[in-house]
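The values are calculated or read from the model by the stated rules, or taken from the named source; none is laboratory data. Source: prediction; values computed, not measured. All Cβ positions, glycine included, derive from the backbone under ideal geometry; neighbour counts span all protein chains shown. For the accessible areas, the whole protein counts, side chains as well, though only heavy atoms, and no ligand, DNA or RNA atoms are used. Shrake-Rupley method; radii C 1.70, N 1.55, O 1.52, S 1.80 Å.
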Amino acid sequence: MRDSERQQIHDACDGNRSAADIMRLLIWARRQNERHYPDDAPDSPRLWVEMSPATMVDKTGYSRGQVYRGLKLLRDRGFILPKHRNGDPALYQVNQANVAKWLQRMPLFESGETFEIPVA
């Protein structure tokens with residue numbers, strides 16, 4: 001993940017570090033699913049992320065309360081849509097449209113072109 005993308009995710013979560021880390025984890029998992037199913041439509045259930053809050057606690061190192069607060073912030077912002085399974089949300093649909101509004105490429109630094117600073 002590019003540094004600018006990390007900062008944009010951090011800004012999208014109002015500086016909430018745990019929510020930003022959870023969002024990065026869910027985006028990463030969504031991208032892994034897209035690699036496994038490249039021909040699926042963007043709203044395909046096979047692209048949903050299956051991850052329990054306990055797994056998020058293990059992967060991020062945050063407490064269960066921090067994970068739940070981070071998930072609530074992401075849900076309230078419309079970045080994820082939790083799908084409940086047996087009472088505890090374990091499936092998450094990452095809303096690509098809302099995420100794409102925040103994650104904008106920065107052309108100067110990420111275009112791959114070289115940029116020379118003129119020397120006076």
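Could you tally the net charge around ASP40, taking each other residue with its Cβ under 10 Å from the Cβ of ASP40, Lys/Arg +1 and Asp/Glu -1?
On the way: positive: ARG46; negative: GLU34, ASP39, ASP43.
Here the count lands on -2.
Compute the length gained on full extension between LEU103 and ASP11: take 0.36 nm times their separation in residues and subtract their Cα-Cα distance, giving the result in nm to one decimal. Don't skip to the answer; put the middle values down first.
Working: separation 92, 0.36 × 92 = 33.12 nm, distance 1.01 nm.
Contour length minus Cα-Cα distance gives 32.1 nm.
Legend: calculated FRET efficiency, SER44 to LYS72, from the Cβ-Cβ distance at R0 = 25 Å, rounded to 0.05, equals 0.45. Rounded to the nearest 10 square angstrom, TYR37 shows an accessible area of 80 square angstrom against a 1.4 Å probe.
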